[in-house]
1. Whose amide H sits under 5 Å from the amide H of residue 215, counting only residues 5 or more places off or on another chain, with H placed in the peptide plane?
2. For helix 144-161, report the angle its Cα long axis makes with the longest principal axis of the Cα atoms of the chain; keep it between 0 and 90° and round to the nearest 10°.
3. Ranked highest first by the average count of other Cβ atoms within 10 Å around their residues, in what order do 256-263, 79-86, 30-37, 201-208 fall?
4. What is the Rg over Rh value, at two decimals, for the chain, using alpha-carbon atoms and the Kirkwood definition of Rh?
5. Run the helix sum for the chain: -39,500 (n - 2.57) per DSSP H stretch of 4+ residues, divided by residue count, reported at 222 nm to the nearest 500 deg cm²/dmol.
6. Considering only DSSP states other than H, G, I, E and B, which GluC sites (Glu not before Pro) in the range 62-146 qualify as loop sites with at most 16 other Cβ atoms within 10 Å?
7. Counting only residues 5 or more places away or on other chains, whose amide H sits under 5 Å from the amide H of residue 168 once H atoms are built in the peptide plane?
8. Given the peptides 163-170, 265-272, arrange them by the average over their residues of other C-beta atoms within 10 Å, most packed first.
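What follows is calculated from the coordinates using simple rules that are stated; it is not laboratory data. For clarity, every value in this text was computed on a predicted model and none was experimentally measured. Cβ atoms come from the backbone with ideal geometry, glycine included; neighbour counts cover every protein chain shown.
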Amino acid sequence: ASDVQVLARVEGQFIWLSVRATPSVDAAGRPVAGGLLSDVTVLKEAEAQLDRARRVAERAAQARMAFLRVMSHELRTPLGAIRGFADLLVDETRNLEGAPPEVPEFAGTVRDAASRALRLVDDLLDLSRLETSVLDLARQPVALGALAAAVADRHASALAARGVALDVHVPADVIDVQADPTRLDQVLDQLLSNAARFTPEGAVRIDLVAESGRAQLTVSDTGVGIADDALEDIFEPFVQEDSRINRDYDGSGLGLAIASRLVRQMGGTLTARSVKGEGSALVLSLPRDA
């Protein structure tokens, strides 16, 4: 049997024909073929339109990522200079005699704003590299429990100051995973930062278990939660449930998108579950080191 598509000219117009034929033998023992001839011009045109749309979308995505990459590089230098001089200004005005009390405060505001802008630029640069597959990650054994405990220590004092409990449940056994230690630290820090930002009261909890060749780390909280219709998009860039300019919780909407792509490149998965008004859980799964 054969199934081919050919471009034919019929009455001055080109059309696509699908030819399906099956060989057989007639009553006299002679070879014959029977089949079906169909006009598939509409189908081929639809396929061509889809292919053109795909190429246009790919070019647009590449242009967007190239723009983000170039602008990130261009912005890092002046922002770095602003933050550097702001650091000096804070140091110089801290004990400056006769200066108005607002001067150190204003200098600190400039420094903090420059730091936030630099973090955003770094996030944009990471996203552009991940989207264009030019970010190389190391692969080596990492003690996931120890790393999670270290990241938790960085957030403990800030959470305690707000009255939010931090519970870390890490087994005594060492659970090694195959990952890039620096980028895995970045992912865990993002998960903790996300939980802390959306938990005004209650608790943030870290649980680590190992099963069937994989390690699973869950960061859960008793915060505001996420609505079902927004949950499926939280790993997309620039997506936030509350998109108002003056929303209650700040953030660029890049952190979880970058974390998800980093985890995927390390051979793992990052998933989420949540109940609006009750809290959320982000589940990181990575292959264990053999």
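1. 286, 288
2. For helix 144-161, the angle is close to 50 degrees.
3. Highest to lowest by the protection proxy: 256-263, 201-208, 79-86, 30-37.
4. With Rg and the Kirkwood Rh in hand, the quotient comes to 1.20.
5. Helix contribution divided over all residues of the chain: -16000 deg cm²/dmol.
6. Loop-located and lightly packed - 97.
7. Sorted by chain and number, the residues that satisfy this are 206.
8. Packing proxy ranking, top to bottom: 265-272, 163-170.
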